[in-house]
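For reference, the structure is listed below as structure tokens.
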Amino acid sequence: MDEEYDVIVLGTGLTECILSGIMSVNGKKVLHMDRNPYYGGESSSITPLEELYKRFGISDSPPESMGRGRDWNVDLIPKFLMANGQLVKMLLYTEVTRYLDFKVVEGSFVYKGGKIYKVPSTETEALASNLMGMFEKRRFRKFLVFVANFDENDPKTFEGVDPKLTTMGEVYKKFDLGQDVVDFTGHALALYRTDDYLEQPCLETINRIKLYSESLARYGKSPYLYPLYGLGELPQGFARLSAIYGGTYMLNKPVDEIVMEGGHVVGVKSEGEVARCKQLICDPSYIAERVQKVGQVIRVICVLSHPIKNTNDANSCQIIIPQNQVNRKSDIYVCMISYAHNVAAQGKYVAIVSTTVETADPEVEIEPALELLEPIDQKFVAISDMYEPTDDGTESQIFASRSYDATTHFETTCNDIKDIYKRMTGSDFDFENMKRKQNDVFGEDEQ
């Protein structure tokens, strides 16, 4: 371990594993350590089921009705992949897809007045949806056509909208869309967690709706994908990529101290040895003094023996409860997967409810979501602090990732990865940098 590295990475969460993979592909010498004996950190999948019970301090062992413990892989942080989003692009460019299998999530739903409805995202679905009245449908259809044709480089498609000046609220007014339609467009299509975006220039929202519909167009049922055997497979896939390109991995390795000289990092001390480095990447748990708490997320893992009502018996789905519907500032999300994804025993479903905490009683906040899931066989409640770095790392060369937020997709995580990459290298993140070198066969140069 007493060696010199370009980059040391602490923690094997998804953000850290993707960055160590990219750095290794780019020829950097990387050492990757984790104090835990397993991959994934906060974003791991827990198996067997007995381990999940232990982790949440439940003294009973799982009842026999739960099936075999080793059939379970339960994510601690629920997220789906947008089919056309940045993480899928990262997986394709690095060819990490060869280590993983994905299934399309069967449906995306939105909550209105105590009931759930399928999210209409194509013109045909919009016209058939029960969410809106007849005239509203026509206006919404016009809006979708406008978004689909919108091209920020072609002013002819603007229809009087200035992408950098017109706010999204003004665009909704232009198409005369009512509050319910605005709710599901902003929260179930553009996937905003709050309503702050209404005051912002409309370009980002239009691009988010385009991402949703382009992702939907790839596979048809929903815009989301999910890996078989759980999200814990993702960090492991990128860790394999890093290892192929010479990255060194050490699990179960305590970090005693981050060694500094003259205000910047020079190494990491573990079990009496020091590995030297020029730059350090880590999750917030390794550098408590360099991060600040910015809020909390509540996540409740619910084991069910039935699909969720009114979802056409889907074996996987997402439900978004827009904040306006339940008098909150931020949305409540439900991600549901099941035995069909090799994450639960036969006939079992795992629904994970999550939201940003707003009151002193977070469990009451998520009740509207839990009501949709009844009856629930077993609940596991986690309330996690969210952290972000207090500085950009340019002076210390210590680059901390942000905690995973309450969103149900990986777009915000990918933005963090691109941001850290830019601060570390001084150049904009380019997906091309992630491509494996042409003559690499599983990382071995052809002789």
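The values are calculated or read from the model by the stated rules, or taken from the named source; none is laboratory data. Remember, it's a predicted structure, so these values are computed and weren't measured experimentally. Because the Cβ atoms are built from the backbone with ideal geometry, glycine has one as well, and the counts that use them run over all protein chains shown. All accessible areas refer to the heavy atoms of the entire protein, side chains included, with ligands and DNA or RNA removed. Shrake-Rupley method; radii C 1.70, N 1.55, O 1.52, S 1.80 Å.
Could you work out [θ]222 nm for the chain from helices alone, using -39500 (n - 2.57) per DSSP H run of at least four and dividing by all its residues? Round to the nearest 500 deg cm²/dmol. Please report the intermediate quantities before stating the final value.
Details: 12 runs with 118 residues, N = 447.
Value at 222 nm, helices only, nearest 500: -7500 deg cm²/dmol.
For the chain, which whole-number percentage of the solvent-accessible area (1.4 Å probe, protein heavy atoms only) is attributable to carbon and sulfur atoms? Before the final figure, lay out the partial values.
Details: 8880 of 19230 Å².
Carbon and sulfur: 46 percent of the exposed surface of the chain.
Lys and Arg at +1, Asp and Glu at -1: add these up for the other residues within a Cβ distance under 12 Å of residue 141 and post the number. Please list the in-between numbers first.
Working: positive: 137, 138, 139, 142; negative: 123, 125, 136.
Residues close to residue 141 contribute a combined charge of +1.
Near residue 253, which aspartates and glutamates are there with a Cα under 18 Å away, not counting those fewer than 8 places off in the same chain?
2, 3, 4, 16, 34, 42, 271, 273, 283
Tell me, how many Å apart are the Cα centres for the stretch 401-418 and for the stretch 106-155?
Comparing the Cα centres of the stretch 401-418 and the stretch 106-155, I get a distance of 26 Å.
In terms of the Cα gyration tensor, with a ≥ b ≥ c the square roots of its eigenvalues, is the stretch 57-139 rounded because a/c is under 1.5, prolate because a/b exceeds b/c, or oblate?
On the way: a/c = 3.37, a/b = 1.43, b/c = 2.36.
Oblate is the answer for the stretch 57-139, as a/c is 1.5 or above yet b/c matches or exceeds a/b.
Per 10 Å bin, what percent of the C-alpha pairs of the stretch 330-447 does each bin hold, from zero upward?
P(r) for the stretch 330-447, in whole percents per bin: 10, 26, 24, 23, 13, 3, 0.
Suppose R0 equals 56 Å; then what is the FRET efficiency for residue 273 and residue 157 from their Cβ-Cβ distance, rounded to the nearest 0.05?
0.40
Per 5 Å bin, what percent of the C-alpha pairs of the stretch 118-219 does each bin hold, from zero upward?
2, 13, 26, 27, 21, 10, 2, 0
Figure the gain on full extension for residue 289 and residue 176 (residue separation times 0.36 nm, minus the Cα-Cα span) and round it to one decimal in nm.
So the extension gain works out to 35.7 nm.
In sequence order, what are the phi-derived ³J(HN,Hα) couplings for the stretch 160-176 according to the Karplus relation 6.51 cos²θ - 1.76 cosθ + 1.60 with θ = phi - 60°, rounded to whole Hz, with x for glycine and proline?
Values, residue by residue: x, 9, 9, x, 9, 10, 5, 7, 5, x, 5, 5, 4, 4, 4, 8, 6 Hz.
Around residue 109, which amide H atoms from residues at least 5 apart in sequence, or from another chain, sit under 5 Å from its own amide H, with H modelled in the peptide plane?
119, 318, 319, 320
I want the local charge near residue 29. Using Cβ-Cβ distances under 13 Å, sum +1 for each Lys or Arg and -1 for each Asp or Glu among the other residues. Working shown, then result.
Values: positive: 28, 276, 278; negative: 3, 4, 6.
Neighbour charge sum, excluding residue 29 itself: 0.
Rg to Rh for the chain: what is it, with Cα atoms only and Rh by Kirkwood? Write down the numbers at each step before the final one.
Values: Rg = 22.6 Å, Rh = 23.2 Å.
Over the Cα atoms of the chain, Rg/Rh equals 0.98.
Based on a Kirkwood Rh over C-alpha pairs, give the Stokes-Einstein translational diffusion coefficient of the stretch 24-92 at 25 °C and viscosity 0.890 mPa s in µm²/s. Spell out each step's value before the answer.
On the way: Rh = 15.1 Å.
Roughly 162 µm²/s, to the nearest whole number.
Find the accessible area per residue for the stretch 118-219; the probe is 1.4 Å, ligands and nucleic acids are left out, and the unit is Å².
Numbers: 5200 Å² over 102 residues.
Accessible area per residue, the stretch 118-219: 51 Å².
Given points 7 Å out from each Cα along the Cα-Cβ axis, report the residue 99 to residue 60 separation in nanometres with one decimal.
3.8 nm
At 7 Å along the Cα-to-beta-carbon direction for both residue 364 and residue 310, put a label point, then send me their distance in nm to one decimal.
2.4 nm
Once amide H atoms are built 1.01 Å from N in the peptide plane, which residues 5 or more positions from residue 378, or in another chain, come under 5 Å H to H?
Counting only residues 5 or more places away or on other chains, the set is 303.
Taking trypsin sites (Lys or Arg not before Pro) as candidate sites, keep only those in a DSSP loop with at most 14 other Cβ atoms within 10 Å, then name the longest stretch of the chain containing none of them. Provide the component values of the computation, followed by the final result.
Working: sites that count: 68, 164, 309, 329, 435, 437.
The longest such stretch corresponds to 165-308.
Could you work out how far the C-alpha centroid of the stretch 203-236 sits from that of the stretch 314-338, in angstrom?
Each part reduced to its Cα centre gives a spacing of 16 Å.
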